[in-house]
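See below for the structure under consideration.
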Amino acid sequence: MTTTRQASVRLTQFAHGGGCACKIPPGELEEMVAGLGAPLPGGHARLLVGPATGDDAAVVVLPAHDGTALVCTADFFTPVVDDPYDWGRIAAANALSDVYAMGGRPVLAVNLLAWPRDRLPFALAREVLRGGQDIASEAGCHVGGGHSVDDPEPKYGMAVTGLADPGRLLRNDAGRPGLPLSLTKPLGLGVLNNRHKATGERFEQAVATMTALNRDASAAALAAGATCATDVTGFGLLGHLHKLARASDVTAVVDTAAVPYLDGAREAVRDGYVSGGTRRNLDWVAPFTDFGATDEDTRLLLADAQTSGGLLVAGEVPGAPVVGELVPRGIHSIVLR
């Protein structure tokens with residue numbers, strides 16, 4: 001569904017890119033952080049999940065504690081939609097998703113806000129923060145303040161702390177051959193958001209998808225006994241799947257016909273609304289992927305830079321389509337069929 005309701009101020013026009021498509025490309029990011037993040041010596045909180053596997057959040061177990069793990073993450077980005085309240089909701093849901101992707105429960109968030117104070121009224125910033133607050137409240141997560149800076153480009157997100165059972169985490173390095181792959185939200189958010197930025201068309205199906213919490217999907221994955229998952233955000237399905245397959249030392253086979261897409265996504269690709277971030281994602285995974293006979297539009301959609309996308313779970317999740325499986329490690333990280 002599309003509408004042409006026009007915001008009084010088009011926030012997307014104040015940003016060079018929108019949502020998770022504005023992230024540093026995955027290949028450049030990995031090169032930049034290589035060798036950083038060595039764990040501390042004994043006596044400190046024990047790091048269970050750190051930067052080595054490129055997972056969705058960091059996880060530590062506190063010493064002399066009851067064994068509960070802390071899950072910590074931060075995520076923020078430029079406006080992905082023009083409506084400030086919706087942008088706040090989307091950014092908050094996206095940040096909270098990293099905790100759900102680890103099998104955790106978010107308990108505390110702080111806002112991260114960059115605002116061009118001489119160009120945009122603070123009334124709009126308040127709407128952004130109100131949207132974030134409402135989504136956090138829906139998640140049962142406190143918002144305890146935050147940090148703001150004067151910046152030429154608006155940005156918003158959250159740093160989130162959650163709790164998890166260290167014996168029941170969802171990790172991207174816990175996949176094993178024989179497991180199916182389930183995807184809990186359809187793809188196509190990136191191209192629809194890019195079309196929105198270019199034309200002002202409003203895609204209600206995209207907003208509804210981006211503001212939907214991954215809470216229930218995470219709980220369902222844990223209840224089904226899953227131990228391996230990631231969320232699908234700025235690096236696209238193929239980028240996040242490559243990281244999962246690499247960390248788990250497996251190959252992921254994707255049934256391209258089974259992957260769900262939002263209404264209007266294929267038309268947006270056909271009409272050229274593909275972000276630079278999506279094309280960089282595709283370039284990054286190309287050396288690790290056997291594309292077979294997959295056409296270019298489908299490749300772009302599979303690499304589409306999602307914002308607040310769904311969970312990709314190694315295991316069956318009730319109600320979520322199975323889009324592939326993990327097999328023993330081969331030449332490629334990903335094989336498309």
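Values computed for the structure shown
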quantity	calculated
Residue among LEU241, LEU192, LEU222 that alone is assigned to a helix (DSSP H, G or I), surrounded by fewer than 23 Cβ atoms within 10 Å (Cβ to Cβ) and out of contact with any Ser or Thr (no Cβ under 6 Å at 6 or more places or on another chain)	LEU222
Candidate set from region 247-280 (those that are closer than 23 Å to ARG195 by Cα and of a type in the set (Gly, Ala, Ser)); member that is surrounded by the fewest Cβ atoms within 10 Å (Cβ to Cβ)	GLY272
PRO63 vs. criteria outside any strand (DSSP E or B), free of Cβ contacts under 8 Å to residues at least 24 places away in the same chain and of a type outside the set (A, V, I, L, M, F, W, C)	yes
Among the residues listed as ASP283, ASP304, the single one being loosely packed, with under 15 Cβ neighbours inside 10 Å and at pLDDT 95 or above	ASP283
Filter result for THR230 (among the polar types (S, T, N, Q), touching a residue at least 12 places away in the same chain (Cβ under 8 Å) and under 27 Å from ALA69 (Cα atoms))	yes
Verdict on GLY324 being part of a loop (DSSP other than H, G, I, E, B) and in contact (Cβ under 8 Å) with a residue 12 or more places away in the chain	no
Only listed residue being at pLDDT 95 or above and surrounded by 20 or more Cβ atoms within 10 Å (Cβ to Cβ), chosen from THR298, THR289, THR294	THR289
Region 50-98 - residue that is modelled with pLDDT under 90 and under 12 Å from the mean Cα position of the chain (by Cα) and, of those, farthest from GLY132 (Cα to Cα)	ASP55
Those residues of region 122-157 which are of a type outside the set (D, E, K, R), free of Cβ contacts under 8 Å to residues at least 60 places away in the same chain, over 12 Å from ALA92 (Cα atoms) and part of a loop (DSSP other than H, G, I, E, B), in sequence order	GLY140, PRO152
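Here is a yes/no grid of residues against (1) buried (at least 17 other Cβ atoms within 10 Å of the Cβ); (2) among the hydroxyl-bearing types (Ser, Thr, Tyr); (3) over 21 Å from SER275 (Cβ atoms):
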position	(1), (2), (3)
HIS142	no, no, yes
LYS155	yes, no, no
THR161	yes, yes, yes
LEU183	yes, no, no
MET210	yes, no, no
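Residue by residue, here is whether (1) assigned to a loop (DSSP other than H, G, I, E, B); (2) in contact with a strand residue (DSSP E or B) (Cβ under 9 Å, 6 or more places away or on another chain); (3) outside the structural domain of MET102 (by TED's automatic domain parsing); (4) over 30 Å from GLU204 (Cβ atoms) holds:
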position	(1), (2), (3), (4)
ALA252	no, yes, yes, yes
ASP283	no, no, yes, yes
ASP297	no, no, yes, no
GLN306	yes, yes, yes, no
GLY309	yes, yes, yes, no
ALA320	yes, yes, yes, no
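The values are calculated or read from the model by the stated rules, or taken from the named source; none is laboratory data. Just so you know, these numbers come straight off a predicted model, no measurement behind them. Cβ atoms come from the backbone with ideal geometry, glycine included; neighbour counts cover every protein chain shown.
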